[in-house]
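All remarks here apply to the structure that follows.
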Amino acid sequence: MSESPTPPETTTIATKLMNLKGVRPVVSLLLFAIGVIMFSAQSHVGYITGGNYLSNQAVELVNEGMETNQRTFLIFSAIKATLAVIEGSTIGVGIQAEVGDLIQPVYDYVDYFWNIFLVSFVVMGFYKILLETDLFLIGYPIMGFGFMTLAVSGMLQGRRWNAAGLARKFILIGLLIIYALPLSLMISRGISDAYVSKLKTQELQHIVAFQNGLNSAKYDFVELKEEVSVLAPGDSLDKVQAGMSKLMHSIKITFETVLMSFMYYVLIIVFEVMILPFCTAFIIYLITRRLLDGFVLPKVPAVRVMPRVRPT
């Protein structure tokens, strides 16, 4: 005798009920009715299932985050503008001394961090658009199609057309569209407040201190430019150049002490806005897919004993 496994069958929670005598038409009709309701009454279904509530909570968190990050973004922009003014300035009467080369490395670093911050800010705006325009409601018709497909698959008892697996995919996609974004944003915010907010506030204080020092340096820079004498430009220019070099060197040294603060703060923003929500959404996807395995769960292959044919 030889043993050969039979093809794996599939079973679902719905089909288990349908296998009961006289229950199949009722369950199929119920699933089909749920699908029709999801197609025709999306807003009401969203209110009942909590989709609207989660979306509104996520919008509030996004608005609060955008307001907070907007203030910090304006600080970055002010620092960048001040450095740009100093970097593009010239001094001298007849003889001009470029100060751009002295401040250029600092400006390049700040401009790089500013661009990363801008991208993160745009991503937050994209989240806001998705939530406020109720695009998540598209998930309900997709789920409805999945339930109707599951109902039709249950009514057709033949094994040649079993679309329960396809129905599960549509239900999974609909659930993710409705709940993945708001849940991931809410969970990410909770994790950020618990573990990252203290470090974020600390680094922001260092950046603000650098901004205050830079504003003071800007006023000193203007005063040095006014010290250039029209009658004796050569002597005054040498004095101004010495003071300018000292001032630019002081800015570079100060920036080197807060460089890591800029880097850490921007990395925290990227972590909060992009990395953490995407990782959380992926975990939600894995959990949801595992929970939906109850709709299509492969059976253990059955073993069938076959007679062994002896060679003649």
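The values are calculated or read from the model by the stated rules, or taken from the named source; none is laboratory data. Note that this is a predicted model, so its numbers are computed, not measured. Cβ sites come from the backbone with ideal geometry, for glycine too, and all protein chains shown count toward neighbours.
Numbers below:
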| quantity | calculated |
| --- | --- |
| Meets criteria (under 13 Å from Phe282 (Cα atoms) and either at pLDDT below 85 or surrounded by fewer than 22 Cβ atoms within 10 Å (Cβ to Cβ) (or both)) for Leu156 | no |
| Single condition Pro233 does not satisfy, out of (1) modelled with pLDDT under 70; (2) exposed (fewer than 15 other Cβ atoms within 10 Å of the Cβ) | (2) |
| Top-ranked residue in the stretch 61-75 [being surrounded by 14 or more Cβ atoms within 10 Å (Cβ to Cβ) and not aliphatic (A, V, I, L, M); ranked as nearest to Trp114 (Cα to Cα)] | Phe73 |
